[in-house]
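I have placed the structure first, in the form of C-alpha cells, so that the comments after it can refer back to it.
The values are calculated or read from the model by the stated rules, or taken from the named source; none is laboratory data. These figures come from a predicted structure and were not determined experimentally. For neighbour counting, all protein chains shown are included, and Cβ atoms are generated from backbone atoms with ideal geometry for every residue, glycine included. These accessible areas exclude ligands, DNA and RNA; they are computed on the full protein's heavy atoms, side chains included. Shrake-Rupley method; radii C 1.70, N 1.55, O 1.52, S 1.80 Å.
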Amino acid sequence: MRAAAAYALLSLLLLLLCPQNAVGKSILNFPGEVRQRNVVRATKVSCEDCETLEGLYKDNSLVFVLFYERSLVGRQYYKQSIIDGFHAVCNDLSWSRVVCAAVDMVDDKAYALQYIDPKTAPAHIVVQNGQPLQLQKHHLERLMSRPGDKESILWHLHDITTAFPIDISVEARTPEAVKATLKAHRVVLVFGVDRDDEEKRHAFRAAAQRLTLSGEFRSAPGTPTEAPGYLLGLGQKALQALLAPPSSKKLALGSFAVFLDGKLLEGEEVRPWPKRKKGAKSKVSHDTAFLEGEGELVDMMKEMVLAGLKAAAKTTKNGTSSADPSAAASTKVDSSTSTSAPAPRTSAASSPEPSSSSSSATTASSSSSSSSSSSLSSSSSSSSSSSGSSSEGAAAAGKRKRRRKRRGSSTG
C-alpha cells in the first residue's frame with residue numbers, strides 16, 4: 001500500500017516538473033535588457049526572468065542551449081572559454097531569430113541527461129522547432145580545435161540552420177555593404193543612424209525583431225511571401241549608396257526609407273524618428289520594450305514595410321506588372337539579339353513556367369508553318385513565271401499570222 005502511494009506521489013511530481021503541454025514564452029515577452037543580452041536561464045526552478053526549456057521551445061523556433069555547471073566556472077581555462085564564447089555569440093545574436101538558453105546542471109541535471117553526457121559539460125546544442133539538430137563531423141572538428149572561438153561558433157550556427165537566415169537586421173558601415181543588403185531582398189527598410197547612437201541602433205533592431213517574430217506580415221493581404229530586409233546604415237559614408245531617385249537626395253541620418261528592388265519606393269516619403277503621442281497607449285508592454293516608444297516605432301516601420309511589400313506584389317523585379325499579362329508580353333525582344341535574363345522573384349501564387357514540351361511544340365508548329373509558307377511562295381512564283389511565258393508565245397503567233405496576211409495581199 002505504501003509502495004503504491006509513493007509511486008503515485010512520484011508520478012504526480014514528475015507530471016508537475018515535466019508538463020506535457022508547456023506554456024510557451026517568446027523572447028519578445030522578456031524585459032528589454034534580457035532581450036538585448038539574449039540569454040535566458042532555462043530551469044524548472046521558479047525565478048524571475050526564467051523559463052522552462054519546454055516553454056522556450058514552444059514559442060521560439062531556434063534555441064541555442066548551453067549546459068554548464070556553475071561550481072566549475074573559472075576553474076579550467078578550456079571549460080571557461082566555452083562558456084565565455086557562448087555568451088559572446090549570444091550577445092552578437094541579440095535581435096536575431098536565435099534565442100539563447102543556459103542550463104545550470106547543479107539545479108537542472110535532468111535537462112542535460114536528455115542530450116549530453118554530463119561529464120562532457122560545458123556543451124551546447126542547437127534546437128530548431130523543438131528538435132535538436134544533428135552535429136556534423138566538420139562542425140565537431142572545428143569547434144573542438146577552437147574551443148570558445150566566437151567566429152567558429154557563429155559559423156557553426158549559420159551552417160547548421162539552413163532553413164532560414166538567423167539574422168533579421170543588418171548593420172552596414174560601407175556603401176558596398178549597403179548595396180549587398182539591397183540586392184539580397186526586394187523590400188528593404190533602411191534607417192540611417194550615427195555610429196555612436198547605440199540606443200537608437202538597438203531600438204531599430206528590437207523593433208525589426210518584434211515585427212518578424214510576431215508574424216506581422218504572414219497574413220497581410222496582397223503581400224508576397226518573401227521576407228523584407230532591415231538595414232541599419234551606420235554613418236553618412238554608408239548611406240552614400242542610397243541615392244533616392246528621382247530627387248537624388250541622400251538619405252539623412254536619423255531618417256527611415258523603404259526601398260524596392262534597390263530604389264526608393266515611389267510615393268513613400270522619407271520619415272523621421274516617430275514622436276510619442278501624449279496619452280496614447282503603447283501596443284508594446286513597458287516591461288518588454290527595449291526603449292520608451294517602441295510601440296510607435298513598430299507601428300511606423302510596419303506601415304512602411306507593408307507599403308513596400310504591396311508594391312512588390314504588384315510588380316516583378318524587372319518592373320512589369322504581375323497582374324497584367326500583356327505587360328509581360330510587351331517586354332519580349334528579338335531572341336537573336338537578346339541574352340537570357342534571370343527569372344524575377346515571384347510569390348508562391350505566381351503562374352508556373354511553361355513546360356519544355358509545350359515550348360518545343362510551339363517551336364515545331366511555328367517552323368512547320370514557316371516551311372509551308374515558303375512552299376506556298378515558291379508555287380506562286382512558279383505559276384507567275386508560267387503565265388508570263390504563255391502570254392509571250394501568244395504574242396509571237398499573232399505577229400506571224402499578220403505577216404502571212406500581208407504577203408498574200410501583195411501577191412494577189
Positions within segment 177-200 being in a helix (DSSP H, G or I), open to solvent by 60 Å² or more (accessible area, probe 1.4 Å) and either of a type in the set (Lys, Arg) or touching a residue at least 12 places away in the same chain (Cβ under 8 Å) (or both), in sequence order: Lys179, Lys183, Glu199, Lys200
The one condition in (1) in contact with a strand residue (DSSP E or B) (Cβ under 6 Å, 6 or more places away or on another chain); (2) hydrophobic (A, V, I, L, M, F, W, C); (3) surrounded by fewer than 20 Cβ atoms within 10 Å (Cβ to Cβ) that Val170 fails to fulfil: (3)
Whichever residue in segment 263-284 is open to solvent by 60 Å² or more (accessible area, probe 1.4 Å) and small (Gly, Ala, Ser) and, among such residues, is modelled with the highest pLDDT: Gly267
Segment 118-134, residues that are open to solvent by 80 Å² or more (accessible area, probe 1.4 Å) and not in a helix (DSSP H, G or I): Asn129, Gln131, Gln134
Residue that is modelled with the lowest pLDDT [pool: residues in segment 48-73 that are open to solvent by 10 Å² or more (accessible area, probe 1.4 Å) and part of a helix (DSSP H, G or I)]: Leu72
Restricting segment 158-167 to residues that are over 21 Å from His202 (Cα atoms) and part of a loop (DSSP other than H, G, I, E, B), the residue that is most open to solvent (accessible area, probe 1.4 Å): Thr162
Single unsatisfied condition, Lys137 versus (1) out of contact with any His (no Cβ under 8 Å at 6 or more places or on another chain); (2) surrounded by 12 or more Cβ atoms within 10 Å (Cβ to Cβ): (2)
Residue in segment 141-150 that is under 29 Å from Leu231 (Cβ atoms) and either part of a loop (DSSP other than H, G, I, E, B) or among the hydrophobic types (A, V, I, L, M, F, W, C) (or both) present: yes
